[in-house]
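Here's the structure, in structure tokens; my notes come after.
What follows draws every value from the coordinates through simple rules; no lab data is involved. Here the structure is a predicted model, which is why all the values come from computation and not from measurement. As a convention, Cβ positions derive from the backbone with ideal geometry for all residues, glycine included, and neighbour counts pool all protein chains shown.
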Amino acid sequence: MLIRILVVVLILVVFWLGTRNLKIIPGRGQSALEWIFGFVRQNIIFDTLGEQRGRRYEPILMTMFFLILSMNITGVIPGLQLAGTARIGLPIILAIVSWIMFMYAGMREKGGKFWKDSLFLPGVPWPLYFLLVPLEFFSTFILRPITLTLRLTMNMIAGHMLLVLCFTATHFFFFTVLASGNLIGLLGIGSFAFGVAFTVLELFVAALQAYVFTILSAIYIQLAVAEEH
Amino acid sequence: MNVVGQLAPLAFGLAVIGSGIGVGIIVGKTIESVARQPELQGRLSSLMFLGIALTEALCFIAIAVAFIPFPAP
């Protein structure tokens, strides 16, 4: 809880300071911010949703990306060590936001046709609909938010546990086994090396999960508003 | 004879087999297609991460099963 509040304050301060006086010729901090904004905008939002529609959903997707990224990164910062998204509350809220967002997008662009398009697959003989409609309903409206939540939470929990395992093993080997004069304690060097390697991996996973969550939300919106051919 | 323990790690191991194979196929196919058309690498790698994320979700569901408080027999 404290970590989340800290992260939110940090995001606000960073973006407030970073975007307070924007110049035409960017300084060092501004160009770093612009690079990451440009990446999210071009590679995640515009590539999936297209330029015109992308602009409409840009603010919320951008917020999602940066919130998840910074919440995830706290998992590897020494002293904090627990990702803000490793408790299930925050991912559930984000998944519900994304769920409401794609239904809203579909209803807004297609109205009632959205439900027909998303439940009834075209080109299937009609008796199969008894089987397919519940299946489609289940996978589209129930499984999507659940998998979004679980993917983010479980990635962070698994990463946290991996780091805990490595570093507690190191502590045990060095301060209990080696201190009592047993040379098997030198295995602690290996577990420490693995811990450091997994820290780097967790850094990568943090960025990857933020990317995946945002791009999946964008794809769900795209699927909801896409015209049937 | 009584065997006492938790089955959740075993179930997770079994679940990981499938998604491990899936991730392997995805990455292998991506490498293959990048070797054929190196200019598509950016697009292909973002697709690859998407596919990996979708496949991984299955094994994360398996981890989540361990957190469900089943009543003890």
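Here A:K110 is the anchor, and the aspartates and glutamates within straight C-alpha reach of less than 14 Å, apart from those fewer than 8 places off in the same chain, are A:E227, A:E228. Take the Cα radius of gyration of segment A:190-229 and divide it by 2.2 N^0.38 Å, N being the number of residues; the result is 1.94. Using the empirical formula 2.2 N^0.38 Å as the baseline, the Cα radius of gyration of segment A:64-106 reaches a ratio of 1.38.
Using only alpha carbons, the protein assembly as shown has a radius of gyration to Kirkwood radius ratio (Rg to Rh) of 1.02. Between the residues A:G159, A:Q52, A:S139, the greatest Cα displacement towards the positive end of the dipole of chain A, with unit charges on the Cβ of Lys, Arg, Asp and Glu, is found for A:Q52. Label-to-label distance for A:I184 and B:F70 is 3.2 nm, based on points extended 7 Å past Cα in the beta-carbon direction. Label zone of A:L132 (point 7 Å out along Cα→Cβ, amide N under 11 Å): in segment A:194-229 this covers no residue at all. Over the residues of the protein assembly as shown, the helix contribution to mean residue ellipticity at 222 nm works out to -24500 deg cm²/dmol, using -39500 (n - 2.57) for each DSSP H run of at least 4. The calculated FRET efficiency for A:I96 paired with B:I17, based on their beta-carbon distance and R0 = 22 Å, is about 0.10. In order along segment A:7-13, phi translates into HN-Hα couplings of 5, 4, 4, 4, 4, 4, 5 Hz, rounded to whole numbers, per the Karplus curve 6.51 cos²θ - 1.76 cosθ + 1.60 with θ = phi - 60° and x for Gly and Pro.
Pick out which of A:Y129, A:Y104, A:Y211 has the largest mean-square fluctuation in a Gaussian network model of chain A, springs linking Cα atoms closer than 10 Å. Residue with maximal mean-square fluctuation among A:Y129, A:Y104, A:Y211: A:Y129.
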